[in-house]
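The values are calculated or read from the model by the stated rules, or taken from the named source; none is laboratory data. The structure presented is a predicted model; accordingly, all values stated were derived computationally and were not measured. No Cβ is skipped: glycine too gets one built from the backbone with ideal geometry, and neighbour counts run over all protein chains shown. Heads up: the accessible areas ignore ligands, DNA and RNA and are worked out on the full protein's heavy atoms, side chains in. Shrake-Rupley method; radii C 1.70, N 1.55, O 1.52, S 1.80 Å.
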Amino acid sequence: MRVLIIGGGGREHAIAVAMKKSSRLDALYCVPGNAGIAQIAECEPSIGVMEFDKITAYAKEKAIDLVFVAPDDPLAAGLVDVLEEAGMRVFGPRKCAAILEGSKAFSKDLMKKYHIPTAGYETFDNAGDALTYLEHASMPIVLKADGLALGKGVLICNTLEEARAGVREIMEEKHFGDAGNVLVAEEFLTGREVSVLAFVDGKTVKTMTSAQDHKRARDGDEGPNTGGMGCFSPSPFYTEEVDAYCRKYIYQPTVDAMAAEGREFKGVIFFGLILTEDGPKVLEYNARFGDPETQVVLCRMKNDILDVVDACIDGTLDKIRLQFEDNAAVCVVLASEGYPVSYRKGFEITGLERFGAESDYYCFHAGSKTDEKGRIVTNGGRVLGVTAKADTLGEARRKAYEATGWVNFENKYMRHDIGKAIDEA
């Protein structure tokens, strides 16, 4: 098969690495890709993920058999629909199903209607009503921009003053652009957070191994929300009992609810869960692979990814037995100092060659490019996802942090407590 991956981050690099393992792969392409993906696929950096006409033309030019749409924005905007209309075979939810992530208000209303456990909430389309509501709301409270905001449109407000400022930030100052036209005010829940990715073919759900992300920028879960500063898999807190509950009350009901609404979901659903005293509840849905969850999950999957993708598209996922290695993986994100607020880029990255010589170590590129001198340089806030596998989570964590020392660039920054919860399990 000739496969085209849409996207250019660490998630897409991890997907590309999984694709390269497939015995069915003939050629691999990526739009726009990055410096890491370019080492294993033909990339076209001049085409953006939202340039649907150019993507369609490129796919036809390269005689692509399968397009794998990975990022949230093109999914929510309907790239799958456009490619299908052009006669392409595509992996990912259509626009009507990608709304599961594209609108938090939609997903909350869906959960409420179909009795899927989640936090209590209210939605607002003007700041005045939201501010009035906050005067009598319990604190802390969670404020969410309704639309897509690169994983950053969520504010946890501990006081009324913080909440008022949050409403202004989201709805009036438009820090997250049009994503903040509607605001969701949500009950603050406490408990362990767990991410579970699942392949879906419209009716059948097959969950992957669990993971746990670290969203805050700084150690101790301080600082602003980011796209994710690191991850580990599996989560020791995701027990068989939790899994059984989620299958019965969350996973299958979500897929069934989407089908009942005429929004058949085919692709990957990311279930962002919180394990509360009252049982697991849904914090959020994503309509695609997570980042950096993909980096620690796919490297442990035994299946040929193309077999699973085909089954999702064809509605035969019930015939697939997903299998994962009995081990663990930890990913530590190397970011540009100042991310996610402001940062400099264009610094040369050194030491990458070490990864090619070591098994069970991966360096997934997120924000990198090759400059005019042929050097690999930083090109984003999250630059690299240094990942290691081992028999235990503790050993994987040790190896991942060891490997962060192999690579360097001028404003390299990372958290030092990724997977610290492993010690408490």
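Put simply, the convex hull of the Cα atoms in region 311-425 casts, on average, a shadow of 10.4 nm². Across the accessible surface of the chain, with the other protein chains kept in place and a 1.4 Å probe, carbon and sulfur atoms take up 46 percent.
Pairs of alpha carbons in region 125-273 separated by more than 22 Å make up 52% of all such pairs. Candidates Tyr58, Ala260, Ala127 compared by Cα position along the dipole of the chain: farthest toward the positive end lies Tyr58, with charges placed on Cβ.
Averaging the Cα positions of each part gives two centres, and for region 160-194 and region 319-346 these lie 25 Å apart. Our analysis of region 363-411 gives Rg over Rh at 1.08, with the two radii drawn from alpha carbon positions and Rh computed by the Kirkwood formula. Each residue of region 284-292 was assigned a 3J(HN,Hα) from its phi angle through the Karplus expression (A = 6.51, B = -1.76, C = 1.60, θ = phi - 60°), giving 6, 10, 10, 9, 5, 4, x, 9, x Hz with x at Gly and Pro.
Keeping every protein chain present and rolling a 1.4 Å probe, give me the accessible area per residue for region 168-295 in Å².
Counting only protein heavy atoms, the per-residue value for region 168-295 is 38 Å².
Each peptide in 12-18, 236-242 receives the mean, over its residues, of other Cβ atoms within 10 Å, and ordering these scores from highest gives 12-18, 236-242.
Close amide-amide hydrogen proximity is noted between Phe324 and Lys302, each under 5 Å apart and 5 or more residues distant or on a separate chain (H modeled in the peptide plane; Pro and chain starts excluded). Note on the chain: dipole from Cβ charges, positive end direction compared against Leu75, Pro340, Val309; the farthest Cα belongs to Val309.
Which residues' amide hydrogens lie under 5 Å from the amide hydrogen of Glu284, considering only partners 5 or more residues apart or on another chain, with H built in the peptide plane? Answer set, sorted by chain and number: Gly272.
Which whole number in µm²/s is D for region 1-77 by Stokes-Einstein, with the Kirkwood Rh taken over Cα pairs at 37 °C and 0.692 mPa s? The diffusion coefficient I find is 271 µm²/s.
When the trypsin sites (Lys or Arg not before Pro) in region 263-370 are filtered for DSSP coil states and for at most 15 other beta-carbon atoms within 10 Å of their beta-carbon, the remaining sites are Lys302, Arg321, Arg344. Here is the list for region 302-376: GluC sites (Glu not before Pro) lying in DSSP coil, each with at most 10 other C-beta atoms within 10 angstrom of its C-beta, are Glu372. Counted over region 223-313 with a bin width of 5 Å, the fraction of Cα pairs per bin, in whole percents, is 3, 10, 17, 23, 22, 17, 6, 2, 0.
Considering all different alpha carbon pairs of region 57-192, the Kirkwood hydrodynamic radius works out to 16.5 Å.
Can you give the accessible area per residue of region 58-129, in Å², using a 1.4 Å probe?
It amounts to 40 Å² per residue over region 58-129.
From the alpha carbon centroid of region 77-113 to that of region 195-209 is 16 Å. For the peptides 23-29, 391-397, 304-310, the ranking by mean Cβ contacts within 10 Å, running from highest to lowest, is 304-310, 391-397, 23-29. The alpha carbon convex hull volume per residue for region 85-156 rounds to 138 Å³.
Extents of region 341-381, taken as max minus min of Cα coordinates on every principal axis and listed largest first, are 34, 27, 12 Å. Every helix of 4 or more DSSP H residues in the chain counts as -39500 (n - 2.57), and over all residues that averages to -7500 deg cm²/dmol at 222 nm. Close amide-amide hydrogen proximity is noted between Ser368 and Ala35, Asn379, each under 5 Å apart and 5 or more residues distant or on a separate chain (H modeled in the peptide plane; Pro and chain starts excluded).
Averaging 1/r over every pair of different alpha carbons in the chain and inverting the result gives a Kirkwood radius of 21.8 Å. Checking the Cα-Cα distances for Lys389/Lys420; Lys281/Lys389; Lys95/Lys302 against a 21 Å cut-off, the pairs over it are Lys281/Lys389; Lys95/Lys302.
For region 343-425, what does the accessible surface come to per residue with a 1.4 Å probe? Please give it in Å². Don't jump to the answer; show the numbers that get you there.
On the way: 4000 Å² over 83 residues.
On a per-residue basis, 48 Å².
In angstrom, the C-alpha Rg and Dmax of region 117-210 are 15.3, 45. A simple rule links phi to the HN-Hα coupling: the Karplus curve 6.51 cos²θ - 1.76 cosθ + 1.60 with θ = phi - 60°, which for region 229-240 gives 9, x, 7, 9, 8, x, 7, x, 8, 8, 7, 4 Hz, with x for Gly and Pro. Per residue, the Cα convex hull of region 167-217 amounts to 170 Å³.
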